[in-house]
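Accompanying notes for the structure given below.
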């Protein structure tokens with residue numbers, strides 16, 4: 001009996017120990033907040049924690065030093081929209097299909113990180129700083145709020161390309177103040193390090209103003225300041241410990257590496273692709289780590305899904321880095337697919353793609369490239385001719401990678417005729433097929449472009465006949481015959497020489513040779529409009545819309561053209577379509593309201609004005625506020641008008657504003673405040689009033705007394 005009891009006791013202890021050990025080893029799913037901050041155009045080697053000594057990034061460095069820093073992270077594509085699509089789908093551009101800015105839309109069939117987390121009960125929010133990430137391009141999928149308003153202070157342009165870190169922080173802060181108590185997933189996008197670089201006086205000395213790299217570093221420091229303010233807000237609301245923070249770059253920036261300067265779109269060299277990646281949370285990460293294995297930004301999404309216990313779709317191509325955050329053993333370097341279709345689509349050059357595998361990077365071009373990036377990180381020694389067998393091996397591997405990640409099969413599939421045609425349809429040109437010999441290699445193209453930019457500086461100085469001849473000579477060469485800049489500079493020369501026929505001829509030729517180059521189409525349409533060839537304007541705009549249904553500017557031009565022709569219904573229809581694409585476009589809202597005013601559609605105008613009042617930039621524009629306030633006195637709400645005049649007076653105290661505010665207060669029955677404001681108008685600001693207003697003010701003061 002005693003032996004049986006001992007056996008039972010041992011079994012009980014074994015069960016308890018087993019349960020205890022299994023419980024200790026069990027991973028707890030992350031159930032707190034998630035904040036992803038994407039740093040546009042930020043290369044890793046300009047961040048302090050990545051070894052940079054010349055800049056200042058104390059807030060990013062603190063997160064890196066106390067969290068998990070990946071010192072070898074790549075973005076597989078150096079373009080903003082495709083790269084962010086990679087981050088938020090966990091898939092390569094050849095998988096989700098977004099391969100350039102502007103002309104592509106993330107398909108609804110793609111499942112984003114925001115959609116996964118929204119289904120899990122997260123309150124999802126995004127604020128973006130660049131036009132190329134606006135909701136019409138598809139990244140808004142899964143966000144409860146997607147703030148893509150690129151506000152414009154002067155209200156005269158179609159849109160600005162960006163808003164700065166201060167505005168992004170203010171937008172986030174306004175949302176956070178109301179939502180900090182919910183379980184949230186927030187994405188904050190900072191665009192400041194993108195060109196044009198803006199100097200920040202407190203960070204850049206006068207003697208350094210000519211140094212573009214100093215400007216670039218200053219933009220990163222400026223961004224870091226607002227990251228610090230975001231961290232402070234998390235602390236103030238006591239949610240910092242419950243928020244997983246991810247810092248990730250979308251791509252880098254070149255400063256003369258391989259002739260690309262203050263740019264990033266053309267090549268896939270290290271300067272263009274290496275980015276910071278940092279995870280930080282005190283509860284989740286109990287010990288800081290530096291991970292040396294090569295990873296990709298497409299790994300961010302599967303990592304977060306694993307951390308939150310969400311089952312991920314089979315189509316996700318990234319690999320989870322959860323082990324790194326939980327203290328597990330490092331993995332092996334990831335094989336990474338790289339590409340840039342910018343040269344192909346914008347400059348009519350050969351498309352660029354390749355892979356990074358082991359110590360080597362292979363770039364498939366008419367003049368192929370192979371680098372040992374471990375020994376040669378600056379990529380100066382092209383091993384193409386020295387390592388022929390390895391080149392062919394890498395080229396075959398690239399083909400299989402493209403087939404695998406474009407959803408056409410796995411890496412074991414044989415490459416038949418249909419497969420090769422599919423590769424070509426994706427923009428792939430194998431260096432060993434001979435297909436690349438008829439197109440311009442970007443390495444040659446960029447050298448020509450550097451030469452052309454030097455020529456362009458002479459256009460301002462004159463000598464137009466000499467410049468025209470030089471450009472026509474370049475245009476007659478194989479490499480220059482379909483170059484964007486050649487056509488652009490010839491157009492400018494003919495503009496300066498006032499040779500209208502030559503202008504139209506060069507634009508028509510450019511459109512034929514470079515059908516994807518929208519600027520030539522827009523210039524051509526502008527000239528047609530000046531000639532009052534309105535039917536041709538309409539035809540060309542409709543062709544643009546057929547090619548790119550998201551091209552807002554074409555709808556705006558159609559609206560203006562139909563308005564000129566007196567076809568108001570068609571004008572409104574096109575303005576309305578433009579507004580559906582860009583509902584946050586202040587210029588467009590105002591333009592549309594002006595057309596409605598002419599047609600005396602006052603309630604529709606009132607509706608637009610109410611929308612406009614949501615924008616901070618509209619509230620800064622006193623003339624527009626004044627117009628909306630007066631409009632409300634006749635067609636809207638007198639009380640609303642009173643509120644607006646009170647706001648106007650706070651910002652710009654002038655006689656006419658006090659005068660009208662007094663009149664409105666009187667109509668609202670508030671004679672005491674009406675009298676006070678009319679007395680201020682008359683005693684302090686009579687110089688702002690007309691003679692009739694002064695006379696009326698005196699009469700009303702006596703009557704109200």
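Which value in Å is the Kirkwood Rh of the range 220-319 over different Cα pairs?
Answer for the range 220-319: a Kirkwood hydrodynamic radius of 16.2 Å.
Among DSSP beta bridges whose residues both lie in the chain, state the antiparallel percentage, nearest 5.
Here the antiparallel bridges make up roughly 50 percent for the chain.
Hey, what's the per residue convex hull volume over the C-alpha atoms of the range 461-597, in cubic angstrom?
Enclosed volume per residue, from the Cα hull, is 130 Å³.
In a solvent-free Debye calculation with one equal scatterer on each Cα, what is log10 I(q)/I(0) for the range 17-129 at q = 0.20 Å⁻¹, listed in the order of the q values?
Summing over Cα pairs of the range 17-129 leads to -1.21.
Relative contact order for the range 33-340: what is it in percent, counting Cα pairs under 8 Å that are at least 6 residues apart?
On the way: 656 pairs, mean separation 100.1, N = 308.
Answer for the range 33-340 is 32 percent.
Please report the spacing between the Cα centers of the range 449-490 and the range 71-115 in Å, no decimals.
Their Cα centres are 35 Å away from one another.
Mind running the shape call on the range 466-510? Use the C-alpha gyration tensor, a ≥ b ≥ c as the square roots of the eigenvalues: rounded below 1.5 for a/c, prolate if a/b tops b/c, oblate otherwise.
Oblate.
For a quick protection proxy, order the peptides 241-247, 214-220 by their average other-Cβ count within 10 Å, most packed first.
Numbers: 241-247: 19.9, 214-220: 23.4.
The peptides rank, most packed first, as 214-220, 241-247.
Dimensions of the range 562-627 along principal axes (Cα, Å, largest first)?
34, 25, 19
In percent, how large is the relative contact order of the range 555-621, given Cα pairs closer than 8 Å and 6 or more residues apart?
Dividing the mean separation by the residue count of the range 555-621 yields 21 percent.
Dimensions of the chain along principal axes (Cα, Å, largest first)?
106, 93, 53
Using alpha-carbon pairs under 8 Å, 6+ residues apart, how would you state the relative contact order of the chain in percent?
Averaging sequence separation for qualifying contacts and normalising by length gives 12 percent for the chain.
State log₁₀ I(q)/I(0) for the range 33-340 at q = 0.09, 0.11 Å⁻¹ as given by the Debye formula over alpha-carbon point scatterers of equal weight, solvent excluded.
Taken in order of the listed q values, log10 I(q)/I(0) reads -0.40, -0.61.
Rank these for me by crowding, 163, 474, going from fewest to most other beta carbons within 10 Å.
Details: 163 24, 474 20.
In order of increasing Cβ crowding within 10 Å: 474, 163.
What is the packing order of peptides 385-393, 329-337, taking the mean over residues of other C-beta atoms within 10 Å and listing the highest first?
Highest to lowest by the protection proxy: 329-337, 385-393.
Eigenvalues of the Cα gyration tensor times 5, then square-rooted: what semi-axes does that give for the range 553-705, in whole angstrom, largest first?
Equivalent ellipsoid of the range 553-705: 36, 15, 13 Å, largest first.
Could you pull the Cα extents of the range 487-531 along its three principal axes, largest to smallest, in whole Å?
Computed over the range 487-531, the largest-to-smallest principal extents equal 27, 21, 13 Å.
For the peptides 355-366, 173-184, 136-147, 646-657, what is the packing order when you average, over each peptide's residues, the other Cβ atoms within 10 Å and list the highest mean first?
Packing order, densest peptide first, comes out as 355-366, 136-147, 646-657, 173-184.
Relative to the compact-globule scaling 2.2 N^0.38 Å, provide the ratio for the alpha-carbon radius of gyration of the range 268-317.
Normalised Cα radius of gyration, the range 268-317: 1.38.
Since every read-out is calculated from the coordinates, none of them should be taken as a lab result. Owing to the predicted nature of the structure, the values given are computational and were not obtained by experimental measurement. We place every Cβ from the backbone using ideal geometry, glycine too, and count neighbours over all the protein chains shown.
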